[in-house]
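Derivation of every value follows stated rules applied to the coordinates shown; laboratory data play no part. Just so it is clear, the model here is predicted, and its values are computed rather than measured. Note that we place each Cβ from the backbone using ideal geometry, even for glycine, and neighbour counts take in every protein chain shown.
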Amino acid sequence: MSWTVHADLRADCENCAGLCCVALPLSASADFAIDKDAGTPCPHLGDGFRCDIHGELRQRGFPGCTAYDCFGAGQRVTQVTFRGRDWRSEPEIAGDMMEAFRRMRRVHEMLRLLEEAWSHEATRQITTMMTLTIEDLEAIAQGDLESLFDIDLDHRQKSVGILLEIASAVIRTTDGSAGPLHGRASLVGARFRDADLRRASFRGALLLGADLRGADLRLADLLGADLRGARLDGADLRGALFLTQPQLESARGDASTRLPGHLDRPTHWPT
Ligand code: SF4
C-alpha cells in the first residue's frame, strides 16, 4: 500500500507559535534535561518561536523533543483557530491557546490514524463510517475555539478506537490469517529476534527494550505500542499499521530496518 500523510497532519514548525515547547510539561529524565511546568515556555525557545538548540537536542539531553510529533496541531491552532495571533504578543490568550493545542493534538492524532485505515483497499466495506468520522473531526479542527472546547474527546477517542480495531482486524485477515495477539501485553525486554510477527496485534503493548531484530512485522498492528529502546535492526515494518514517527524515534534501528513509506528513518539511527 502506498500512502502519504496529508500535509495538514504533519508538523509545520514554521507556521506554529512554538506551542509544544510551552503547553507541555517536561520532567527531568533521560528524555529531558530539565523540569518545566505545562504552560511555561521552555528556556530554549528562542525568538521567532524556534528552538535555540534544535540541531543538538540529543547531545544536550533532550531526545524526548526529537520523538515528539504534534501531527500538525501546532500550525492548525496558530493559523486557523487563532488566525495568526500568538501568546507572546498577547499573553492574555496563552491559557486558551495551550489548552486548544493539547485538545487539537488529540483530534489530529485521530485524523492521522483514521486516514491511514481509510487508505487501505481492504477497508472499503467500512469506508462510510470512517469517512463520516473523518469529516466530523475535520469540521471540529476547522471550527472555532468554543466547539473545540465543547467536544467530549474521551468519548470520540473511544469510538475512533473501535473503528480502528475493526479496520485492523479487516486488514490483518484479508488475504491471510491474523498473526499472534499481543494487545496490551507487557512484553518489556521480550525476545522476538527473527520472529514471524506478520499480521500480529501489538496494540497498546509494552515493548520497552524488546528485541525485535530481524523480525517480520509486516501488517502488524502497532497502535499505541510503547517501543522505547526496542531493537528494530533489520526488522521489516513495511505496511505495519498505525505506527507513528514518535514511536520510531523512541526505538533503535539501523539502515537495514525496512520502514513504511510514510515514515522517515530517525536520524539518530546508525547508517
Ligand atoms: S528543548 Fe527546544 S524543542 Fe525541546 S521543548 Fe525546549 S525549545 Fe522546544
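Could the peptides 89-98, 133-142, 71-80 be put in order, highest first, of the mean number of other beta-carbon atoms found within 10 Å of their residues?
The densest-packed peptide leads the list: 71-80, 133-142, 89-98.
Tell me whether the stretch 1-74 comes out rounded, prolate or oblate; compute the Cα gyration tensor, take square roots of the eigenvalues as a ≥ b ≥ c, and use a/c under 1.5 as the rounded threshold.
Since a/c reaches 1.5 and a/b is larger than b/c, the shape of the stretch 1-74 is classed as prolate.
What number in nm² do you get for the chain if you take the convex hull of its Cα atoms and divide its surface by four?
14.0
Given a cut-off of under 8 Å on Cα pairs at least six residues apart, what relative contact order in percent is computed for the stretch 124-204?
Across the stretch 124-204, relative contact order equals 24 percent.
Give me a comma-separated list of calculated 3J(HN,Hα) values for the stretch 39-45, in order, Karplus coefficients 6.51, -1.76, 1.60 applied at θ = phi - 60°, integers in Hz, x for any Gly or Pro.
x, 9, x, 5, x, 8, 7
Taking amide H atoms as placed 1.01 Å from N in the peptide plane, list the residues 5 or more away in sequence, or in a different chain, whose amide H sits under 5 Å from that of Asp221.
Counting only residues 5 or more places away or on other chains, the set is Ala200, Ser201, Phe202, Leu241.
Would you work out the relative contact order for the chain, in percent, from Cα pairs under 8 angstrom that are 6 or more residues apart?
The normalised contact order for the chain reaches 13 percent.
Gain in length, Arg191 to Ala38, computed as 0.36 nm per residue apart minus the alpha-carbon separation, to one decimal in nm?
Extra length available between Arg191 and Ala38 comes to 51.4 nm.
Pop the C-beta distance of Arg184 and Ser89 into the FRET formula with R0 = 45 Å and round what comes out to the nearest 0.05.
Step by step, r from the Cβ atoms, then E = 0.50.
Starting from the Cα of Val80, step 7 Å toward the Cβ, then list every residue of the stretch 133-165 with an amide N under 17 Å from that point.
133-153
Which FRET efficiency value, to the nearest 0.05, is calculated for Gln142 and Glu14 with the Förster distance at 22 angstrom and r the Cβ-Cβ distance?
That pair, Gln142 with Glu14, gives E of 0.60.
Quick one: which of 167-173, 51-57, 216-222 comes out on top by average Cβ neighbours within 10 Å, and what's the full order, highest first?
216-222, 167-173, 51-57
Could you rank the peptides 124-130, 108-114 by their average count of other C-beta atoms within 10 Å per residue, with the highest value first?
With the highest mean Cβ count within 10 Å placed first, the list reads 108-114, 124-130.
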